[in-house]
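K.L.:
Here it is, the structure, as structure tokens.
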Amino acid sequence: MALEHADVLRAAHLARLGLNDDEAAHYLDDLGRILEMVDQLQSLDTEGVAPLAHPLETTQRLRADEVTEADQRDQFQRCAPAVEQGLYLVPRVVE
Amino acid sequence: MHDKTLTELAAGLAAGEFSSRELTESLLARIERHDGDLNSFITVTPEQALAAADAADGARGEAGPLAGVPLALKDIFCTTGVKTSAGSRMLDNFVAPYDATVVEKLKAAGTVSLGKTNMDEFAMGSSNENSFYGPVKNPWDGSAVPGGSSGGSAAAVAAGLVPAAMGTDTGGSIRQPAAFCGITGLKPTYGRVSRYGIIAYASSLDQAGPMARTAEDCARLLGAIAGHDPRDSTSVARGVPDYTEELAAPLSGLKIGLPTEYFGEGLDPDVERAVREAIRVYESLGATVREVSLPHTHYAIPAYYVIAPAEASSNLARYDGVRFGHRCDAPADLTDLYKRSRAEGFGEEVQRRILMGTHTLSEGFFDAYYKKAQQVRRLIRQDFLDAFDEFDVLMGPASPTPAFDLGAKKDPVSMYLQDIYTIAINLAGIPGISVPAGFVGGRPVGLQILGTHFAEARLLNVAHQFQQATDWHLRRPALAEETL
């Protein structure tokens, strides 16, 4: 499945990575070769094989639905780029 | 003191031959002298280290077996009050508000962290050339890479700056740098060690483990960090054995399988010679050796380079410039904030893998790539389970070549192929250890030993017995021979 310039720009947009045309072109060749390598998987017959998501094949444990954490907002916000009155600041979203 | 193993240092501390402060000061002086060139540390924390050393000295007599022992942490473990960068510009300003469980456990054991070691950005790399903080040099040869992504940890141990360090292994990132630097590195079974507070790369593959000079040291450290953690739902609720108990068990009757696929095309003949010589040592210790096939090995790298980038693209979505990490200047709107913060904060390899992962997970491609790779993952795991019906352990090289030169591999695919013998182990979730087993052109070679899920005690025993019969693990680079 050959990769095109538009595919790289589409993936970059979906991933919210700000790439310009030149940068996308820079990645196109590498990603094309990686996908070519990955395409070896298609030569293997996996009909009827169940996908394996967890190497120990265990199901996800659920914890009890209880509040266990204390409020640490101030501590967590200390490493934020911009906060004010306990809120994270971002550019205006609603005019 | 820097030439002693962690086990010897612990014994010296317990016997009162020296204090933790003396030991810590001595190693901090070595870091000061040698690390400017080696670049194995991103952050050195002398004040915290000396305070922890004094606390350990004060508790002497009541403290545990690792009390006062210095070590270092890969800069992927969150540490309260100390920068945790994951080797990335994105987190250059990040000071975690909490400790990873591994860090908590090591502190509880009384160990003294000297700082945070250099690494490939977000653990993506096989050479430690992808760090925002520059490449690490291999202590055996300054023109060679130390391996990645735990290359800083491996180099610091090999150079005698610390007796041990913590690493993480997603596709070989403990075992390959351990092999390149001539130290011992253990990747435990997936779920054996909590991942809470470890910056995530690929969540179904990442696992933390110890890197030290000997298997005995790794056994002591694994005992300190292993165990169930309610804060990590993928950690396994299973008791932690005393990993030092079985170290001395004899190896007579041990059944070793040699995967034919690990001795094929692409393997440096001198590396093969060293590994086969190491296996002959096992035969002299009473083990039997036979070939075995892991028929899906060839598909491990393609499967990994679908699964790991897919998980990474999801995990790295949290770096959005809003709550922590790098934020671009004067964003025009929210989308601009996200896009520019991420483009500026992430390095090239990280961007490449995010793009790859996002593409393979996107509409129209999911079944052909992600689902297919997860099916292949099951076949790879089954190969190992079948082999372990017949054999106690499998052995082969940790890497097809010794450490390569800095800057030698410019093409990502050729770099990815470096992990051909380590990656399948992460897909299957089994444990693996690399032990020093010789040299090629003055650069170390690692023997990789694999076991079935939760067979760490057996692996450590098998590695320890080799180290009782050989002296490869005692060899030191010239840098580590210097008294300061």
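The values are calculated or read from the model by the stated rules, or taken from the named source; none is laboratory data. What you see is a predicted model, and the numbers here were worked out from it, not measured in a lab. Cβ coordinates were reconstructed from backbone atoms using ideal geometry, including for glycine residues, and neighbour counts include every protein chain displayed. Calculation scope for accessible area: heavy atoms of the full protein, side chains included, ligands and nucleic acids excluded. Shrake-Rupley method; radii C 1.70, N 1.55, O 1.52, S 1.80 Å.
K.L.:
Which of the listed residues, B:ALA108, B:ALA63, B:GLN465, is farthest toward the dipole's positive end in the protein assembly as shown, when Lys, Arg count +1 and Asp, Glu count -1 at the beta-carbon?
P.N.:
With unit charges placed on the Cβ atoms, the residue in question is B:ALA63.
K.L.:
Could you please state, rounded to a whole Å, how far the C-alpha centre of the range A:76-95 is from the C-alpha centre of the range B:88-114?
P.N.:
With the range A:76-95 and the range B:88-114 each reduced to a Cα centre, they are spaced 26 Å.
K.L.:
Next up: What does the charge count near B:SER131 come to, summing +1 for each Lys or Arg and -1 for each Asp or Glu among other residues with Cβ under 13 Å from its Cβ?
P.N.:
The answer is -3.
K.L.:
Right, here's the next one. Between B:SER284, B:TYR133, B:HIS228, whose Cα lies farthest towards the positive end of the dipole of the protein assembly as shown when Lys and Arg beta carbons carry +1 and Asp and Glu beta carbons carry -1, centred on the Cα centre?
P.N.:
Comparing the listed Cα positions along the dipole, B:HIS228 ranks first.
K.L.:
Oh, and also: Using a Debye calculation, one point per C-alpha and no hydration shell, please list log10 I(q)/I(0) for the range B:334-484 at q = 0.09 Å⁻¹ in order.
P.N.:
-0.47
K.L.:
Where a Cα-Cα gap under 21 Å defines reach, which lysines qualify for B:LYS83, not counting those fewer than 8 residues away within the same chain?
P.N.:
Hits, sequence-local ones excluded: B:LYS74, B:LYS105, B:LYS107, B:LYS116.
K.L.:
Report the accessible area of B:LYS371, computed with a 1.4 Å probe over the heavy atoms of all protein chains in place, in Å² rounded to the nearest 10.
P.N.:
80 Å²
K.L.:
How large is log10 I(q)/I(0) at q = 0.05, 0.10, 0.11 Å⁻¹ when the Debye formula is applied to the Cα atoms of the protein assembly as shown, each weighted equally and without solvent?
P.N.:
-0.19, -0.81, -0.99
K.L.:
Can you pull the percent of the protein assembly as shown's accessible area that's carbon plus sulfur, 1.4 Å probe, other chains left in place?
P.N.:
50 percent
K.L.:
OK, next. If only Cα atoms are counted, what is the Rg of chain B, and what is its Dmax, in Å?
P.N.:
When restricted to Cα atoms, chain B yields Rg and Dmax of 21.1, 70 Å.
K.L.:
Describe numerically, in nm with one decimal, the distance between label points set 7 Å from Cα along Cα→Cβ at A:ALA80 and at B:LEU385.
P.N.:
4.6 nm
K.L.:
Suppose we compare each residue of the range A:21-37 in its chain alone and in the full protein complex with a 1.4 Å probe; which ones drop by at least 40 Å² of accessible area?
P.N.:
Going by heavy-atom accessible area, the residues of the range A:21-37 that drop by at least 40 Å² are A:TYR27, A:ASP30, A:LEU31, A:ARG33, A:ILE34, A:LEU35, A:MET37.
K.L.:
Taking the Cα centroid of the range B:312-370 and of the range A:44-72, what is the distance between the two, rounded to the nearest whole Å?
P.N.:
24 Å
K.L.:
Starting from the 7 Å offset along Cα-to-Cβ, what nm value, one decimal, do you get for the label separation of B:GLU22 and B:THR335?
P.N.:
Here the modelled spin labels are 6.6 nm apart.
K.L.:
Once Lys and Arg get +1 and Asp and Glu get -1 on their Cβ, which of A:ALA6, A:LEU41, A:VAL94 lies farthest toward the positive end of the dipole of chain A?
P.N.:
Toward the positive end, the furthest listed residue is A:VAL94.
K.L.:
What total accessible surface area, summed over both chains, is buried at the interface between chains A and B, computed with a 1.4 Å probe and given in Å² to the nearest 100?
P.N.:
Summed over both sides, the interface buries about 5500 Å².
K.L.:
Given the Cα-Cα distance of A:ALA53 and A:ASP21 and 0.36 nm per residue of separation, how much length would full extension add, in nm?
P.N.:
Net length gain for the segment: 8.0 nm.
K.L.:
Under a straight-distance cross-link criterion of Cα-Cα below 12 Å, which aspartates and glutamates are reachable from B:LYS371, leaving out those fewer than 8 residues away in the same chain?
P.N.:
A:GLU47
K.L.:
Evaluate peptide B:352-364: per residue, the Cβ atoms of other protein chains within 10 Å of its Cβ; return the mean as an integer.
P.N.:
Averaged over the peptide's residues, the number is 6.
K.L.:
If you don't mind, another one. B:SER362 to B:ARG238: FRET efficiency via 1/(1 + (r/R0)^6), r the Cβ-Cβ distance, R0 56 Å, to the nearest 0.05?
P.N.:
Efficiency, from the Cβ-Cβ distance: 0.90.
K.L.:
What shape does chain A have by the C-alpha gyration tensor, where a ≥ b ≥ c are the square roots of the eigenvalues, rounded means a/c under 1.5, and otherwise prolate means a/b greater than b/c and oblate the rest?
P.N.:
oblate
K.L.:
Follow-up question, since we're still on this one. About its Cα centre, how strong a charge dipole does the protein assembly as shown have in debye, to the nearest 20, once Lys and Arg get +1 and Asp and Glu get -1 at the Cβ?
P.N.:
560 debye
K.L.:
Now, a different point. Provide the net charge surrounding B:GLU349, with neighbours chosen by a C-beta distance below 11 Å and charges set as Lys +1, Arg +1, Asp -1, Glu -1.
P.N.:
Summing Lys and Arg as +1 and Asp and Glu as -1 gives -3.
K.L.:
A further question follows. Could you work out the relative contact order of chain B, using alpha carbon pairs under 8 angstrom and six or more residues apart, expressed as a whole percent?
P.N.:
18 percent
K.L.:
Would you calculate the separation in nanometres between label points at A:ARG33 and A:VAL67, each defined as 7 Å from the Cα along the Cα-to-beta-carbon direction?
P.N.:
5.5 nm
K.L.:
Let me ask you something else. Grab the other residues whose beta carbon is less than 13 angstrom from that of B:ALA86, score K and R as +1, D and E as -1, and report the net.
P.N.:
Every neighbour counted, the sum reads -1.
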